[in-house]
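Q: Sharing a structure here in structure tokens format.
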Amino acid sequence: MNKFPQCLKKSSIIPIFKSGSISDCGSYRPISILPTIAKVFEYCIYKQLLNFFNNNTLLSNYQNGFRSQHSTVTTLLFLNDYILKSLDLGYNALVFFLDLAKAFDIINHDILLVKLKSLYNFSCDSIAFIQSYLVGRTFQVLHDGHCSSEFTSLYGVPQGSTLGPFLFVIYINDLFLTKLQTVTPSCFADDTALMSRINSFQTLDDSITDFSSVLCWFRENHLVLNHDKSFFVNFFLKKNFLKDTNSLKINDSDFMIVDTLKYLGIYLDSRLTYKKQYKCLYRKLYYFLKMFTKLHMLPVQIKDLMYISNILPVIEYAHIVYFHFNLGCFTKLNKINNRLLKFTTFCNDEHYSINQRLTKTTICYLFKIIHNHYPSYLNEFSFSRPNSRIPFVNNYVHTTKAKLSHIYYGTNFVNHLSSKHGLNFFTEKLSFILNKFDYTFSLLDAIN
């Protein structure tokens, strides 16, 4: 059987208002409702495809979306380390952040099927099955108790599906086969960052040539770039090579150079201070602080639950990426968190100390990086000589900023655990290390 059942290709679209004019279709987010049995069926297909691509190492390591051991945090750590290494070598790090318009909705079915055959050697039956899954899908719009007539989808992968996102990853995977001389691409699904190092007009021209090649690849694959939401950020320490430049022209289009930009939920700035990210976090926490003050009559158990389910996830999203970049802001964050904890039963519980939780997360990440449970691009640790009391040796860095890299502080952290606590990252279990460590040494100590 090489056909996907037609009855499982019908979906209902419910428009959810976001913002703007209620008469503008662009102000609504379409939520797709698919048959439950279709998702079960798709999951079986997805696991087979995933195993095939993983077993044959077909997916680029720099595509981080919809894959185990990859996440927005690993993507951001890699971006941080690339920038810090560039700055330490005396370069500016020029990063082109690309935004694709309706990327999942405009996938060209014919191009995808050709890629499956020519790049990944899919059999004719497999291609026929994927084609039957994509072609002939219908949907209806449900709104305010009314139902529209049926429409047929001509492009894209189905929203809300289990298989659709992975098909998009396959579709964009050969971007990493593009011959680039100076630019390193990194993706989380359709969120793409093109990273390059510049210190002269020649290196800038070389980077622009590579940027142009990537945009040509998008055009050839019928993916539309949202020019209004695609920007450059030039990261620098002392000398801004693009100080007097407001935009760069790529393929006859001008793209603005901005100082601050939000990428994967985190605000990045050209000096890597993360001040705007901290301010955004403060604003969210002050909202909860105000709520706790007004709702002081709530049972403390409810406040405990609110802290764990609503506040901690906000504080801890990607905190290993940026908390240690600005110690002044980190100190203020600790004070706000302590004020929040006073409304709960966790007030005197060190387990909810931001510093201790950050240290625990650091240990978990370093352990998983060293044991290759995270992408290999994060594991650039340098082993020390045999029979040494410390497992790693720290490479010399020229700038203080470079010490914020997880490679630098990770080396110090692992060496401290080994020499002072007798904890071996290579032979001990993670749970044993977490239980034995006394948390007197933190990530902030490892930077110094």
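Q: Could you tell me how many degrees, from 0 to 90 and to the nearest 10, lie between the Cα long axis of helix 36-55 and the main elongation axis, the longest principal axis, of the Cα atoms of the chain?
A: Computed tilt is about 60 degrees.
Q: Placing +1 on the Cβ of each Lys and Arg and -1 on the Cβ of each Asp and Glu in the chain, which of 340, 374, 25 has its Cα farthest towards the positive end of the resulting dipole?
A: Result: 340, furthest along the dipole toward the positive end.
Q: Which FRET efficiency value, to the nearest 0.05, do you get for residue 2 and residue 382 by plugging their Cβ-Cβ distance into 1/(1 + (r/R0)^6) with R0 = 51 Å? Before the final figure, lay out the partial values.
A: Details: r = 51 Å, r/R0 = 1.00.
About 0.50, to the nearest 0.05.
Q: For region 48-187, calculate the relative contact order in percent as a whole number, restricting contacts to Cα pairs under 8 Å that are 6 or more residues apart.
A: Values: 102 pairs, mean separation 43.0, N = 140.
Normalised by residue count, the contact order of region 48-187 is 31 percent.
Q: Ok, one more. Just to confirm the number: angle between the C-alpha axis of helix 201-220 and the first principal axis of the chain, 0 to 90 degrees, nearest 10?
A: 40 degrees
Q: Using label points projected 7 Å from each Cα along Cα→Cβ, tell me how many nm separate residue 128 and residue 420, to one decimal.
A: 6.6 nm
Q: Okay, next question. Take the alpha-carbon centre of region 293-310, take the same for region 76-100, and report the distance between them in whole Å.
A: Rounded to whole Å, the Cα centres lie 40 Å apart.
Q: Let me ask another. Using a Gaussian network model of the chain with C-alpha springs under 10 Å, which one of 162, 192, 293 is most mobile by mean-square fluctuation?
A: Maximum fluctuation in the GNM of the chain, among the listed residues, is at 293.
Q: Quick one: net charge around residue 183, please, counting Lys, Arg +1 and Asp, Glu -1 for every other residue with C-beta under 13 Å from its C-beta.
A: On the way: positive: 179, 197; negative: 205, 206, 210.
After counting each charged neighbour, the total is -1.
Q: Just the number, please: percent antiparallel of the DSSP beta bridges in the chain, rounded to the nearest 5. Can you show the working numbers first?
A: Details: 37 of 43 bridges.
Percent antiparallel among DSSP bridges in the chain is about 85.
Q: Need the full-extension length gain, residue 252 to residue 51, defined as separation in residues times 0.36 nm minus the C-alpha distance. One decimal, nm. Mind showing how you got there, number by number?
A: Values: separation 201, 0.36 × 201 = 72.36 nm, distance 4.16 nm.
Using 0.36 nm per residue and subtracting the Cα-Cα distance, I get 68.2 nm.
Q: Over all pairs of distinct alpha carbons, what does the Kirkwood formula give as the hydrodynamic radius of region 121-167, in Å? If you can, show how the numbers build up before the last one.
A: Working: mean 1/r = 0.0798 Å⁻¹.
The Cα-based Kirkwood calculation yields 12.5 Å.
Q: How much length, in nm to one decimal, is gained on full extension between residue 271 and residue 14, taken as 0.36 nm per residue of separation minus their Cα-Cα distance? Can you show the working numbers first?
A: On the way: separation 257, 0.36 × 257 = 92.52 nm, distance 4.21 nm.
Fully extending the segment from residue 271 to residue 14 adds 88.3 nm.
Q: Just to confirm a number: summing +1 for Lys and Arg and -1 for Asp and Glu over residues other than residue 65 whose beta-carbon lies under 14 angstrom from that of residue 65, what do you get? Let's see the in-between values first.
A: Details: positive: 67; negative: 190, 191.
Every neighbour counted, the sum reads -1.
Q: Another question, then. Rolling a 1.4 angstrom probe over the protein chains, ignoring ligands and nucleic acids, what is the accessible area of residue 380 in square angstrom, nearest 10?
A: Taking all protein chains as shown, residue 380 has close to 100 Å².
Q: OK, next. If you add up the charges near residue 47, with Lys and Arg at +1 and Asp and Glu at -1, over every other residue whose beta carbon is less than 15 angstrom from its beta carbon, what do you get?
A: Result for the neighbourhood of residue 47: +1.
Q: Taking every Cα atom in region 17-57, find the radius of gyration and the maximum pairwise distance Dmax, and write them in Å.
A: When restricted to the Cα atoms of region 17-57, Rg and Dmax are 17.7, 49 Å.
Q: For residue 39 and residue 430 in one chain, what is 0.36 nm times their gap in residues minus the Cα-Cα distance, to one decimal in nm? Kindly include the intermediate steps, with their values, before the conclusion.
A: Values: separation 391, 0.36 × 391 = 140.76 nm, distance 3.47 nm.
Using 0.36 nm per residue and subtracting the Cα-Cα distance, I get 137.3 nm.
Q: Sticking with this structure for a sec: With +1 on the Cβ of every Lys and Arg and -1 on the Cβ of every Asp and Glu, and nothing else charged, how large is the dipole of the chain about its Cα centre, in debye rounded to the nearest 20?
A: 1340 debye
Q: Taking Cα pairs under 8 Å and at least six residues apart, what relative contact order does region 127-193 come out at, in percent? Spell out each step's value before the answer.
A: Values: 41 pairs, mean separation 12.5, N = 67.
For region 127-193, the relative contact order is 19 percent.
Q: With every protein chain in place, what's the accessible area of residue 67 (1.4 Å probe, Å², nearest 10)?
A: 40 Å²
Q: Something else now. Students often forget the sequence filter, so: which lysines lie under 30 Å Cα-Cα from residue 294 once same-chain residues fewer than 8 apart are removed?
A: 18, 275, 276, 279, 284, 303, 332, 335, 342
Q: If you take Kirkwood radius over Cα pairs in Å from the coordinates, which of (1) 25.4; (2) 23.7; (3) 24.8 do you get?
A: (3)
Q: Let me ask you something else. Roughly what angle does helix 354-370 make with the longest principal axis of the chain, taking Cα atoms, 0 to 90 degrees, to the nearest 10?
A: The helix 354-370 is inclined about 60 degrees to the chain.
Q: Hey, rough spin-label estimate for residue 146 and residue 364, points 7 angstrom out along Cα→Cβ, what's it come to in nanometres?
A: For residue 146 paired with residue 364, the spin-label model returns 4.8 nm.
Q: Given q = 0.15 Å⁻¹, what are the Debye log10 I(q)/I(0) values for region 194-274, with equal point scatterers placed on the Cα positions and solvent ignored?
A: Taking Cα atoms of region 194-274 as identical point scatterers yields -0.59.
Q: Quick one: Kirkwood hydrodynamic radius for region 1-159, alpha-carbon pairs, angstrom, one decimal?
A: Values: mean 1/r = 0.0524 Å⁻¹.
So the Kirkwood estimate lands at 19.1 Å.
Q: Any chance you could get the radius of gyration and Dmax over the Cα atoms of region 277-417, in Å?
A: 18.4, 61
The values are calculated or read from the model by the stated rules, or taken from the named source; none is laboratory data. Please read these numbers as outputs of a predicted model, since none were measured by experiment. Cβ sites come from the backbone with ideal geometry, for glycine too, and all protein chains shown count toward neighbours. To get the accessible areas, we keep the full protein, side chains included, count just its heavy atoms, and leave off ligands, DNA and RNA. Shrake-Rupley method; radii C 1.70, N 1.55, O 1.52, S 1.80 Å.
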